[in-house]
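This report concerns only the one structure given below.
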Amino acid sequence: WLAAGTPVLTLDAADEMSRVALQQAALHASAPVSVCVLDATGRTLVVKTMVDCATLAPDLALAKARTCVGFHMSSRTFKDSYVNGEGGGPKMPQALAMVTIGAAAGQAVASFPGGVLCRDGDMNVVGAIGVSGARSDEDEHCAILGAQAVGLVTEPAQSSL
């Protein structure tokens with residue numbers, strides 16, 4: 001599933017990841033979803049959206065995946081690192097600054113689950129998958145299973161569902 005040389009996520013792998021994520025959403029999600037797969041440089045490889053998906057979901061799926069590639073952490077880890085359970089906390093100004101800079105650069109940052117960082121077996125970052133449209137935990141579940149279907153190591157490693 002990876003190209004020779006520097007680990008690069010292939011289009012075939014990204015397509016399979018999105019296929020599995022959408023399959024899982026059809027089986028388990030509370031609403032239709034959109035899936036976005038990026039390579040390690042942040043280049044979009046695949047975007048797929050289910051019929052009747054909320055119109056903002058593709059943009060949120062991209063933001064979740066970009067958060068992973070941009071910070072080398074899952075969107076859940078980003079949230080947990082900067083935002084407390086009440087939606088604030090001492091690191092909230094830093095998170096808001098990063099979101100503002102991301103927006104100014106045309107690269108939205110998402111501080112909620114559904115973005116999964118993908119690594120190869122040697123722990124090199126090879127990309128990310130973002131899913132949006134259902135509940136965040138469901139989005140993340142679909143993203144994890146999609147990435148693991150092609151043998152990638154995911155962050156988070158397991159679904160919370």
Rounded to a whole %, the carbon-and-sulfur portion of the accessible area of the chain at a 1.4 Å probe is 56 percent
The ³J(HN,Hα) series, computed from each phi in the range 144-155 with the Karplus coefficients 6.51, -1.76 and 1.60 at θ = phi - 60°, rounded to the nearest Hz and given as x for glycine or proline, is 4, 5, x, 5, 5, 5, 10, x, 8, 8, 10, 10
For the chain, dividing by residue count, accessible area per residue (probe 1.4 Å) in Å² works out to 47 Å²
Heavy-atom accessible area ranking, 1.4 Å probe, most first, across L60, L161: L161, L60
Accessible area of M92, 1.4 Å probe, to the nearest 10 Å²? 40 Å²
Options (1) 2, 11, 21, 23, 20, 13, 7, 2, 0, 0; (2) 1, 7, 12, 14, 13, 9, 7, 5, 4, 3, 3, 3, 4, 3, 3, 3, 2, 1, 1, 0; (3) 2, 8, 15, 17, 17, 15, 11, 7, 4, 2, 1, 0, 0, 0 - which one matches P(r) over Cα pairs in 5 Å bins from 0, in percent as calculated here: (1)
If packing is taken as the mean number of other Cβ atoms within 10 Å per residue, what is the order of 46-53, 130-137, 79-86, highest first? 130-137, 46-53, 79-86
Exposure of T100 as accessible area (Å², to 10), given a probe of 1.4 Å and all protein chains: 90 Å²
Given an 8 Å cut-off on Cα distances and at least 6 residues of separation, report the relative contact order of the chain as a percent. 28 percent
The correct ranking of L38, L45 by accessible area at 1.4 Å, largest first, is L45, L38
To the nearest 0.05, the calculated FRET efficiency linking R135 and L56 through their beta-carbon distance, R0 being 25 Å, is 0.95
Per-residue ellipticity at 222 nm for the chain, helices alone: DSSP H runs ≥ 4 residues times -39500 (n - 2.57), over residue total, nearest 500 deg cm²/dmol? -13500 deg cm²/dmol
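The values are calculated or read from the model by the stated rules, or taken from the named source; none is laboratory data. Just so we're clear, the structure is a prediction, and the values are computed from it rather than from any experiment. Cβ atoms come from the backbone with ideal geometry, glycine included; neighbour counts cover every protein chain shown. SASA here: full protein model, heavy atoms, side chains in, ligands and nucleic acids out. Shrake-Rupley method; radii C 1.70, N 1.55, O 1.52, S 1.80 Å.
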